[in-house]
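Working notes, beginning with the structure itself.
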Amino acid sequence: LLSYVRSEARGDLNDFNTYFGNLRHPVIRPNQFGKQQFDVPNRLLLWGDFGLPYDIVATPVFEWRGGFPFSFLDEAQNFVGPRNAGGRFPQLMTLDLLVTKGVKIPFRGKKYKGRVGVTIFNITNHWNPRDVQNNLASPQFGTFYNSPDRSFRTKFEFVKF
């Protein structure tokens, strides 16, 4: 399947989640209307399930999107200019793959169906930073950090049918 979305996310920047969500801001700032932190103008997803011999299923997922916006800050952590108008993170590109195999598990005279597998995240090991040094006073201003490396995860699930 293929999905492309062209969008714009704008709204009040002092929403409920700003003060009571997971990433709480310690200071209440004057409200502004502008780009939301999750504004991504272009996003392309490509995914599918491919049945292979021996009850193996391969599920690749490819995502490409523009970067999230961020704000500039000064030494006192005040916004410099309009919020979320300082710049954008680099474009994200990731390719993930889940491969599972059907298994039968004998237990107390019955056979239960399940699937075991492995997921590989960020197969290409593309640089997808999650943090930026946005403080104008920092010598590292404009540096992006914290890109997840390629990683592996095992999977097991019971299947009803």
Any aspartates and glutamates whose Cα falls less than 16 Å from that of residue 160, other than same-chain ones fewer than 8 residues away, would be 55
Magnitude of the Cβ-charge dipole (Lys and Arg +1, Asp and Glu -1) of region 75-141 about the Cα centre, nearest 20 debye, reported as 1040 debye
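Work out, step by step, the length gained on full extension between residue 77 and residue 2: first 0.36 nm times the residue separation, then minus their alpha carbon distance; give nm to one decimal.
Answer, rounded to one decimal: 22.9 nm.
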Computed over the chain, the relative contact order (Cα-Cα under 8 Å, seq sep at least six) in percent reads 17 percent
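If the viscosity is 0.692 mPa s and the temperature 37 °C, what Stokes-Einstein diffusion coefficient in µm²/s follows for region 58-102 when Rh is the Kirkwood radius over Cα pairs?
Diffusion coefficient, whole number: 247 µm²/s.
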The answer for the per residue Cα convex hull volume of region 42-120, in Å³, is 154 Å³
The simple spin-label model distance between residue 152 and residue 50, using points 7 Å out along Cα→Cβ, in nm, is 2.0 nm
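How much of the pair distance distribution for the chain lies past 28 Å, counting alpha-carbon pairs only, in percent?
Looking at the chain, the distances longer than 28 Å represent 44 percent of pairs.
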Note: residue 101 to residue 9 extended length (0.36 nm per residue) minus current alpha-carbon separation gives 29.1 nm
Two pseudo-spin positions, 7 Å from Cα along C-beta at residue 63 and at residue 119, lie apart in nanometres by 1.1 nm
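Please state the shape class of region 87-131: rounded when a/c is under 1.5, otherwise prolate if a/b exceeds b/c and oblate if not, all from the C-alpha gyration tensor.
Prolate, since a/c reaches 1.5 and a/b exceeds b/c.
None of the figures in this text is laboratory data; all of them are computed from the coordinates on show. Predicted, not measured: the structure shown is a model, and the values here were computed from it. All Cβ positions, even for glycine, are placed from backbone atoms using ideal geometry, and neighbour counts span all protein chains on display.
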